[in-house]
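For reference, the structure discussed in these notes is given below.
The values are calculated or read from the model by the stated rules, or taken from the named source; none is laboratory data. Given the structure is predicted, the values throughout are model-derived calculations rather than measurements. Every residue, glycine among them, receives a Cβ derived from its backbone with ideal geometry; neighbour counts consider all protein chains shown. Heavy atoms of the whole protein, side chains included, go into the accessibility calculation; ligands, DNA and RNA do not. Shrake-Rupley method; radii C 1.70, N 1.55, O 1.52, S 1.80 Å.
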Amino acid sequence: MLLLLLAVAREATAARVRRLAPASASARQWRAARAWQSGALALAAAALIPALITRPSPPLLGQAYSLLDRLAPLLLVGAAGAFAMAARLVGPWAWRQLRRYGTGRSGAADAEPGEAGLNPQHTPRTLRDWIRENGPEFHYRFDVGTAAGVANLLIDTDEARYSVYILAPEQFNQGLPAALGRAAAIGEALGAQAIIWIADTSTRQAYRSTAHPVDLVSGGIPDVLRLVAVKDRAARRRRERRERRLRQEEQRQGRVRWGSQDAEAAREGHDGEAWERFVRKAPIHPYMRSRLFRRHEGRCALCGESLETAEPDWEARVADYDHACQSLATTQLIPHGERQALRYEMPDCEQCLIDTPSYFDSCIERLAPVHPQCWRARQEAQQRPGTSEAEASA
């Protein structure tokens, strides 16, 4: 009976080891208990050999039999000591289980902290103090309750919020699915990015769950804070890129004065010849085109993409027809797009910039460098009923 009880206890411990994560601290503890139980079983078997068999006739075996018979009490004491060491390792867990079953408690709601994926309701004070003294300069709150559960650590940074859910290492295999759903619900309730921390320094890794929007970190609390710092830097870079794009968009839109009048209506309010110099000749003036390209940093005024990829060549289009050339200076040059290399009389835009910069600026701000396909899309959008000027430009 003694040998049977020891064998059953060892097999139960071995089954528990198989259910735990191989590299977890809990698994190492249960493997040590199994080794002590194996030693207790071997010592008990050696002590009970004289009680199970008769003295053998060969002299050598007879002497061994006599030695075991005399050492049997010591071997039994050693077996008891080994079993006691095993019980010391797994006793707290076994006592907790017996207490649960003895009081009739069952289910995830009544489980002890760490069971069924539940996190502890109170973060240890030593951990709190360490985070406050050694953690990055974030705002920390501990044990923040929600309807979905408790966030053991809530971290507020300049960019985002992170909720940390502590999962006991022994619950990694069986309790992780429940912990993932609970941590995700807590993070959603707090408007935070959820993180599950498995305090197991033997396996340092971090990865993203495929089933829930939750990051899992195995290691120490510095690994958790390091992940938060990395995610925070990435969020800051994304925000800065977004703000930079918005600023560029505002600057790009601000460089063009978009008008609402069509060409025929705008011409009636200006001198015909001066209006023709601006509307017909300024967009194909080589110097005006080069200045317009630099003014918009080589990007389309409608889509913001590079003009160098335009097929065919990019176009300078009139954005506001309610304007006329105010300079009287003219010059002879080859307009852009003229294939016969013939010189025509054109407004002297280069001299205008030198003599009357305000006149030049009033012209160039009413021109827009665009991709041909972007301009066609804008024209089609303007022809649709109910489309505003801002929507057509966008």
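Mean silhouette area of region 328-386, derived from the convex hull of its C-alpha atoms and averaged over all directions, reads 6.2 nm².
Take the Cβ-Cβ distance between residue 258 and residue 122 as r, set R0 to 41 Å, and report the resulting FRET efficiency rounded to the nearest 0.05. It comes out at approximately 0.10. The 3J(HN,Hα) values that the Karplus relation (6.51, -1.76, 1.60; θ = phi - 60°) gives for region 369-377 are, in residue order, x, 9, 6, x, 5, 5, 5, 4, 5 Hz. Gly and Pro appear as x. Geometric descriptor of region 132-218, per residue, is 103 Å³ (volume of the convex hull of the Cα atoms).
The gain in end-to-end length when the residue 377 to residue 189 segment is fully stretched comes to 63.3 nm, 0.36 nm per residue minus the alpha carbon separation.
Against the chain, whose longest principal axis is taken from its Cα atoms, helix 172-190 shows a tilt of about 40°. The angle between the Cα long axis of helix 59-103 and the main principal axis of the chain comes to about 50°, on a 0 to 90 degree scale. When each of the peptides 116-125, 328-337 is scored by how many other beta carbons lie within 10 Å of its residues on average, the order from highest to lowest is 116-125, 328-337. The packing ranking of peptides 264-277, 353-366, 192-205, highest mean first, is 192-205, 353-366, 264-277, where packing means the average number of other beta carbon atoms within 10 angstrom of each residue. Taking each residue as 0.36 nm, the span from residue 330 to residue 35 lengthens on full extension beyond its C-alpha to C-alpha distance by 96.1 nm. Contact order for the chain, expressed relative to its length and based on alpha carbon pairs under 8 Å spaced 6+ residues apart, stands at 10 percent. On C-alpha positions alone, give me the angle between the axis of helix 286-295 and the longest principal axis of the chain, in degrees, nearest 10. Value to nearest ten degrees: 30. Relative contact order of region 264-342: 44 percent, from C-alpha pairs under 8 Å at least 6 residues apart in sequence. Working from label points 7 Å from Cα in the Cα-to-Cβ sense, the residue 244 to residue 1 distance is 8.0 nm. Each label point was placed 7 Å from the Cα along the Cα-to-Cβ direction; for residue 134 and residue 280 their separation is 8.0 nm. Residues whose amide H lies under 5 Å from that of residue 317, counting only those 5 or more places away or on a different chain, are 368, 370; hydrogens are built 1.01 Å from N in the peptide plane. Max-minus-min Cα coordinates of the chain on each principal axis give 133, 48, 42 Å, with the largest extent listed first.
In region 270-360 the Cα-Cα distances spread across 5 Å bins starting at 0 as 3, 13, 22, 25, 19, 13, 5, 0 percent of all pairs. In this structure residue 207 has an accessible area near 90 Å², from a 1.4 Å probe over the protein heavy atoms. Of the residues 117, 65, 219, the one whose Cα sits farthest towards the positive end of the charge dipole of the chain is 65 (charges of +1 on Lys and Arg Cβ, -1 on Asp and Glu Cβ, taken about the Cα centre).
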